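Novice: Mind looking over this structure? Questions follow.
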Amino acid sequence: MTAIPTKLEGCFIIEPNVFYDDRGYFMESYNEARFEEQTGQKVHFVQDNQSHSTKGVLRGLHYQTGEHAQAKLVRVLEGEVLDVAVDVRPGSATYGEHVAVLLTAENKKQLFVPRGFAHGFIVLSETASFFYKCDNFYNKESEGGILFNDPELNIDWQLPTEKLIISDKDKILPNLKNARSIW
């Protein structure tokens, strides 16, 4: 695997080594020792989550606060998504900035989203199966979120707003300025 730093400190694009032959392919999707060596991050994942969505579904921007903050390693098993991480660490030099990465079943890229970041994605293919590891258990009382179309973030979700499918809960999230503090 190769970990490629993004402009946001601690956030990495992970490119696995994929071995193809006439039977298909093999890849190691995660190896704790290699991950730590490549990223300098010591992370112990405790929960795996998976979702399946149709084109235009936008999930996010979500995070967990305080002692329940989560780091995530995300990837796509089927289809194509635009995955977005937003730095919400108070005092960070890149506070309010984001990275957007195309994750597909074909490119097999992953994104490591460290604690202190909001996360979201939009499905660009007809359907997509999205899989992610978390280093902390979900806690409902620690939920935080930011409105997907906050003009301060200026995220290009690559689909027109009228084509987006967003939960009622996500439609009323606050903007970054009024969002719950991560810490």
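The values are calculated or read from the model by the stated rules, or taken from the named source; none is laboratory data. The structure presented is a predicted model; accordingly, all values stated were derived computationally and were not measured. Here Cβ is always computed from backbone atoms with ideal geometry, including for glycine, and neighbour counts include all displayed protein chains.
Novice: Residue check, Ala69 against (1) in contact with a helix residue (DSSP H, G or I) (Cβ under 9 Å, 6 or more places away or on another chain); (2) farther than 19 Å from Cys134 by Cα, all met but one. Which one?
Specialist: Looking at each condition in turn, Ala69 falls short on (2).
Novice: What do you reckon, is Pro114 touching a Gly at 6+ places or on another chain (Cβ under 8 Å), exposed (fewer than 15 other Cβ atoms within 10 Å of the Cβ), in contact (Cβ under 8 Å) with a residue 12 or more places away in the chain and not acidic (Asp, Glu)?
Specialist: The answer is no for Pro114.
Novice: Output the qualifying pairs, or none if there are none: Cβ atoms under 9 angstrom, residues six or more apart or on different chains, first residue in segment 27-56 and modelled with pLDDT of 95 or more and exposed (fewer than 15 other Cβ atoms within 10 Å of the Cβ), second residue in a loop (DSSP other than H, G, I, E, B) and acidic (Asp, Glu).
Specialist: Short answer, once both residue conditions are applied: His44/Asp135; Val46/Asp135; Gln47/Asp135; Thr54/Glu126.
Novice: If you don't mind, there's one more thing I want to ask. Within the bounds of segment 167-180, is there any residue that is crowded, with 17+ Cβ neighbours inside 10 Å and part of a strand (DSSP E or B)? Even if it seems obvious, please write down each step before you answer.
Specialist: Just the residues of segment 167-180 that are crowded, with 17+ Cβ neighbours inside 10 Å, to begin with: 170, 173, 176, 179.
Filter once more, so that each one left must be part of a strand (DSSP E or B): none.
For segment 167-180, residues crowded, with 17+ Cβ neighbours inside 10 Å and part of a strand (DSSP E or B): absent.
Novice: Oh, and also: Looking at (1) without any contact (Cβ under 8 Å) to a residue 24 or more places away in the chain; (2) within 22 Å of Met27 (Cα to Cα), which is the one condition that is false for Glu162?
Specialist: Just one mismatch for Glu162, condition (2).
Novice: Name the single residue, out of those in segment 138-157 being in a loop (DSSP other than H, G, I, E, B) and under 16 Å from the mean Cα position of the chain (by Cα), that is surrounded by the most Cβ atoms within 10 Å (Cβ to Cβ).
Specialist: Start the filter on segment 138-157 by keeping residues that are in a loop (DSSP other than H, G, I, E, B), which leaves 138-139, 146-157.
Checking which are under 16 Å from the mean Cα position of the chain (by Cα) leaves us with 138, 146-148, 153, 155-157.
Values: Tyr138: 12, Ile146: 27, Leu147: 20, Phe148: 21, Leu153: 18, Ile155: 20, Asp156: 9, Trp157: 20.
Only one residue fits best here, namely Ile146.
Novice: Oh, and also: For residues that are of a type in the set (Val, Ile, Thr) and touching a residue at least 12 places away in the same chain (Cβ under 8 Å), scanning just segment 2-26, find the one that is surrounded by the most Cβ atoms within 10 Å (Cβ to Cβ). Before the answer, list the steps.
Specialist: Filtering segment 2-26 down to residues of a type in the set (Val, Ile, Thr) leaves 2, 4, 6, 13-14, 18.
From what is left, the residues that are touching a residue at least 12 places away in the same chain (Cβ under 8 Å) are 2, 6, 13-14, 18.
Numbers: Thr2: 11, Thr6: 20, Ile13: 17, Ile14: 22, Val18: 11.
Only one residue tops the list, namely Ile14.
Novice: Does Ala33 satisfy the criteria of being assigned to a strand (DSSP E or B), farther than 18 Å from Ser125 by Cα and not polar (S, T, N, Q)?
Specialist: Details: assigned to a strand (DSSP E or B): no; farther than 18 Å from Ser125 by Cα: yes; not polar (S, T, N, Q): yes.
Taking the combined requirement at face value, the residue does not satisfy it.
Novice: For the condition under 21 Å from Met1 (Cα atoms) and not acidic (Asp, Glu), what is the one hit in Phe112, Phe121? Even if it seems obvious, please write down each step before you answer.
Specialist: Working: Phe121 fails: under 21 Å from Met1 (Cα atoms).
The unique qualifying residue is Phe112.
Novice: Got a sec? Which of Gln50, Gln70 is assigned to a strand (DSSP E or B), closer than 27 Å to Glu36 by Cβ and within 13 Å of the chain's Cα centre (by Cα)? Step through it out loud before you land on a result.
Specialist: Numbers: Gln70 fails: assigned to a strand (DSSP E or B).
Residue meeting the stated conditions: Gln50.
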